[in-house]
1. Which residues, counting only those in the range 26-38, are within 18 Å of the chain's Cα centre (by Cα) and modelled with pLDDT under 95?
2. Checking the structure you have, find out if any residue of the range 54-62 is farther than 16 Å from LEU137 by Cβ, over 12 Å from the mean Cα position of the chain (by Cα) and of a type outside the set (Ser, Thr, Tyr).
3. Does GLY88 count as surrounded by fewer than 18 Cβ atoms within 10 Å (Cβ to Cβ) and in contact with a helix residue (DSSP H, G or I) (Cβ under 7 Å, 6 or more places away or on another chain)?
4. All but one of (1) modelled with pLDDT of 85 or more; (2) surrounded by fewer than 12 Cβ atoms within 10 Å (Cβ to Cβ); (3) in contact with a helix residue (DSSP H, G or I) (Cβ under 7 Å, 6 or more places away or on another chain) hold for CYS107; state the number of the condition that does not hold.
5. Kindly indicate the residue of the range 150-180 that is exposed (fewer than 13 other Cβ atoms within 10 Å of the Cβ) and under 16 Å from the mean Cα position of the chain (by Cα) and also farthest from ALA36 (Cα to Cα) among those meeting that condition.
6. Are there helices (runs of 4 or more DSSP H) fully within the range 75-180 with at least 3 residues that are closer than 16 Å to ALA13 by Cα, without any contact (Cβ under 8 Å) to a residue 40 or more places away in the chain and not basic (Lys, Arg)? List them.
7. For the range 1-20, which positions are at pLDDT 95 or above and either surrounded by fewer than 20 Cβ atoms within 10 Å (Cβ to Cβ) or over 22 Å from LYS104 (Cα atoms) (or both)?
8. Read through the list (1) of a type in the set (Val, Ile, Thr); (2) surrounded by fewer than 17 Cβ atoms within 10 Å (Cβ to Cβ); (3) closer than 27 Å to ARG42 by Cβ, then give the number of the only condition that THR126 fails.
Amino acid sequence: MKTIFTPCQVPWAISPSMSGLTLIHTETGVEPECTAVFGGGRLDNNGFVDSRRIEIEFVECYYTRTGPLDDDQDIESIDYTTNSAFTGNMDEYLDWRSREWQQKGVCPDSGFYVTNQSPWLSMLPTYFHDSFFHYLLTGRDGYVEVIARRYGWKEWLWINGNREDSIAVGDIVGSGERED
């Protein structure tokens with residue numbers, strides 16, 4: 001079985017150059033807590049992507065794994081496939097991405113993907129087969145995979161300085177939940 005990921009329907013994208021993808025997975029007495037934090041951005045009306053600290057909280061995330069991913073490679077290099085809507089020449093990719101993002105309000109290739117069929121998911125106990133999903137986040141130098149029921153996110157503008165300082169100096173400017 002080949003793992004085929006679909007881009008998650010989110011209004012932001014993981015930054016390909018400043019992601020700093022961080023996974024925090026904590027054991028608790030009730031259910032594990034799992035958060036991914038990274039640098040990303042949203043497309044503005046002028047066609048530029050701003051800078052944000054984005055935090056995804058995964059619900060009922062019992063399984064995680066990580067790995068290296070060179071910044072000039074895509075997920076096909078780790079034996080995954082995406083069913084991306086882009087079929088043109090790579091020289092046209094950024095124009096296509098901006099156009100689609102502007103028209104639909106969601107990034108067509110955010111670096112955040114989902115599937116409900118994968119060898120990893122099928123190897124888990126039966127409890128996880130029906131309403132859990134295999135998520136993949138791609139950063140500049142690595143990737144994070146989680147098995148979770150759903151997710152929600154929060155965004156802070158990241159104007160300057162350390163990404164983590166953006167929480168202290170600004171309010172949440174965006175949030176949402178799984179809509180895929």
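1. The one that is within 18 Å of the chain's Cα centre (by Cα) and modelled with pLDDT under 95: GLU33.
2. yes
3. Spelling it out, GLY88 is indeed surrounded by fewer than 18 Cβ atoms within 10 Å (Cβ to Cβ) and in contact with a helix residue (DSSP H, G or I) (Cβ under 7 Å, 6 or more places away or on another chain).
4. That leaves (2) as the condition not met.
5. GLU179
6. Because the criterion is at least 3 residues that are closer than 16 Å to ALA13 by Cα, without any contact (Cβ under 8 Å) to a residue 40 or more places away in the chain and not basic (Lys, Arg), the helices (runs of 4 or more DSSP H) in the range 75-180 that meet it are 93-104.
7. Passing the criteria: only PRO11.
8. Condition not satisfied by THR126: (3).
The values are calculated or read from the model by the stated rules, or taken from the named source; none is laboratory data. Nothing here was measured: the structure is a model prediction, and the numbers come from that model. FYI the Cβ positions are ideal-geometry reconstructions off the backbone, even for glycines, and counts take in every protein chain you see.
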